[in-house]
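FYI, it's all coordinate maths here, none of it is from the lab. Given the structure is predicted, the values throughout are model-derived calculations rather than measurements. Glycine gets a Cβ as well: all are built from the backbone with ideal geometry, and neighbour counts include every protein chain shown.
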Amino acid sequence: MSDHTHEPVVIRGGTVAEAAWSAPADVFIAGGKVTALAEPGTSAPPGTAEIDAAGMLVLPGGVDPHCHVGFTSGDFTSLDDYRQCTTAAVFGGTTTIVDFAIPRPGQSPADAAHAQRAKAAGGLCDSALHACVVAWDDTVPEQLRSLVADGMPTVKMFTTYRGETMADEDTILKTMSTLRDLGGMVVIHCEANHIIEDTQTRCSHDGRIGAEHMAATRPELAETASVAEVLAIAESLKAPVYFVHQSTPEAVELVAAARRRGLAAWTESVAHHLVLDDGLYAGPAPERFVCCPPLRPRPVVDGLARHLATGEISTIGSDHCCYDVAQKQSRRADVRAMPNGLPGVETRLPVIFSEFVAGGALPATLPATLPVTRFVELTAANPARANGLYPRKGTLMPGADADVAVWDPAARWTITSGALHMATDYTPYEGRAVTGRPRTVLVGGRVVVHDGVLTDPEPRGRHLRARPFTPRGRCA
Ligand SMILES: [Zn+2]
């Protein structure tokens with residue numbers, strides 16, 4: 001069971017890509033850790049297993065900063081557990097996920113975190129957890145102190161979903177202020193709820209509240225307004241803040257401007273907002289694409305994607321939420337009652353690599369393809385940094401956990417739900433031709449996936465204790 005009993009490994013002949021550089025190098029692994037990056041052809045001690053990576057990219061395994069496992073919201077629970085979610089993750093080249101402990105009504109943040117953390121054993125790869133605060137009371141400061149001390153310094157908040165997870169401005173301010181002093185950080189979903197509720201009411205009166213009208217029910221300006229409000233709170237407090245799933249260029253630009261003024265502010269975008277557009281709501285199965293924020297018009301998607309190249313997007317997550325077609329269809333007539341979210345932990349890396357690094361189907365309006373180093377920064381290094389997991393995760397420098405995606409940059413394949421491993425019966429990318437996929441995936445120095453086959457089903461995933469941040473919001 002111990003990593004230390006595993007034979008040493010060398011990954012030979014590939015091109016290592018880190019966030020800051022890429023070059024041909026052999027990766028030496030022992031005891032579950034990277035021990036050296038060496039000149040190609042460096043001799044290995046007897047008994048070292050060899051993985052041939054000729055023609056391959058050798059990447060740090062992906063870190064998915066936004067992944068919901070078995071998430072209950074309203075009447076629906078997403079369909080996977082840790083084993084299923086992490087199995088899909090490793091098939092997609094992701095070797096660390098960050099899940100959320102969202103309290104049920106009446107449950108405390110600490111109780112929710114401890115209950116969710118207990119499920120993490122059973123995963124095929126490591127995971128960390130965002131806690132969550134919905135309402136303020138006198139017990140919250142002590143709960144936050146113990147959560148940060150317990151390795152959960154990031155705390156999710158929402159400005160929407162009244163009666164479920166929505167927090168008011170006072171609660172957001174107090175939580176942010178308390179976390180700032182503890183070395184924690186608020187991670188926030190921003191959509192101005194009053195604007196959304198009013199828009200939904202008007203849409204409903206007009207008979208336009210079904211899934212095909214999803215985009216109109218949650219306007220872009222609701223996101224912009226909420227981001228501006230939360231940024232003002234963070235700047236007033238000089239507190240770090242991380243915005244999840246930013247879906248418009250305006251929202252990203254607000255955060256970038258605050259960062260230029262010195263605030264430790266992060267922008268996350270998620271794969272579906274960077275690739276898919278609201279034209280899908282006019283198609284035959286609009287409910288399959290219902291997520292919050294919704295998919296946006298193509299010029300907005302392209303404007304958002306441009307910020308990948310400019311550097312103003314910090315991380316790419318999946319916002320994985322594993323509902324199936326029956327769940328999505330059951331309330332399709334009213335988006336207010338639908339399960340929101342798309343399955344995506346397995347497709348995040350292949351879709352983003354294909355669109356933006358391989359450049360499979362880039363519209364002419366987008367900038368040149370992204371360098372693979374920027375891909376690693378967005379999908380592994382920065383998510384690890386933002387979550388207090390770097391340099392244990394998100395890098396292949398010596399001392400890091402030996403979580404590796406040996407990536408075939410030229411593999412052409414077509415995404416079909418039947419060939420994926422997520423606990424659902426559809427993918428929003430059904431039929432999409434893509435270029436690039438992981439060929440061999442290692443977790444802690446063990447090969448868990450090779451050529452599309454699960455080679456090590458042992459559930460060795462650990463709950464990771466994230467490190468607190470310095471007062472300036474940088475990883476300590
Ligand atoms: Zn989410």
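Could you give me the radius of gyration and the Dmax of segment 61-386, taking only the C-alpha atoms into account and expressing both in angstrom?
Rg then Dmax for segment 61-386, in Å: 18.4, 55.
If you find the alpha carbon centre of segment 168-247 and of segment 102-121, how far apart are they in angstrom?
23
Once the piece of chain linking His6 and Glu235 is laid out straight, how much longer is it, given 0.36 nm per residue of separation minus the C-alpha distance between them?
Between His6 and Glu235, full extension yields an extra 77.6 nm.
Taking segment 61-386, how many lysine pairs are there with alpha carbons less than 20 Å apart, if each pair must be eight or more places apart or span two chains?
4
Summing Lys, Arg as +1 and Asp, Glu as -1, what charge do residues with Cβ under 12 Å from the Cβ of Thr96 carry, Thr96 excluded?
-2
How many nm separate the modelled label positions at Asp181 and Thr48, each set 7 Å beyond the Cα in the direction of the Cβ?
Between Asp181 and Thr48, the label points sit 5.2 nm apart.
Nearest 10 degrees, 0 to 90: what angle lies between the long axis of helix 193-205 and the longest principal axis of the chain (Cα atoms)?
Once rounded, one gets 70 degrees.
Can you tell me what the convex hull of the Cα atoms of segment 210-308 projects to on average, as an area in nm²?
6.0
Using only DSSP helix segments of four residues or longer, with each worth -39500 (n - 2.57), what per-residue ellipticity at 222 nm results for the chain after dividing by its residue count and rounding to 500?
After summing the helix terms and dividing by residue count, I get -7500 deg cm²/dmol.
Check Trp266: other-chain or 5+ apart residues with amide H under 5 Å from its amide H, H built from backbone geometry?
For Trp266, whose amide H was placed from the backbone, the distant partners under 5 Å are Val241, Tyr242, Phe243.
What fraction of the DSSP beta bridges in segment 61-386 is antiparallel, stated in percent and rounded to the nearest 5?
Close to 5 percent.
Hey, how many Å between the Cα centroid of segment 287-323 and the Cα centroid of segment 399-476?
Comparing the Cα centres of segment 287-323 and segment 399-476, I get a distance of 20 Å.
Taking the Cα centre of segment 61-386 as origin, sum charge times position over the Cβ atoms of Lys and Arg (+1) and Asp and Glu (-1), and report the length of that vector in debye to the nearest 20.
My answer is approximately 460 debye.
If R₀ is 22 angstrom, what is the calculated FRET efficiency for the pair Arg261 and Thr310, using the beta carbon separation as r and rounding to 0.05?
0.80
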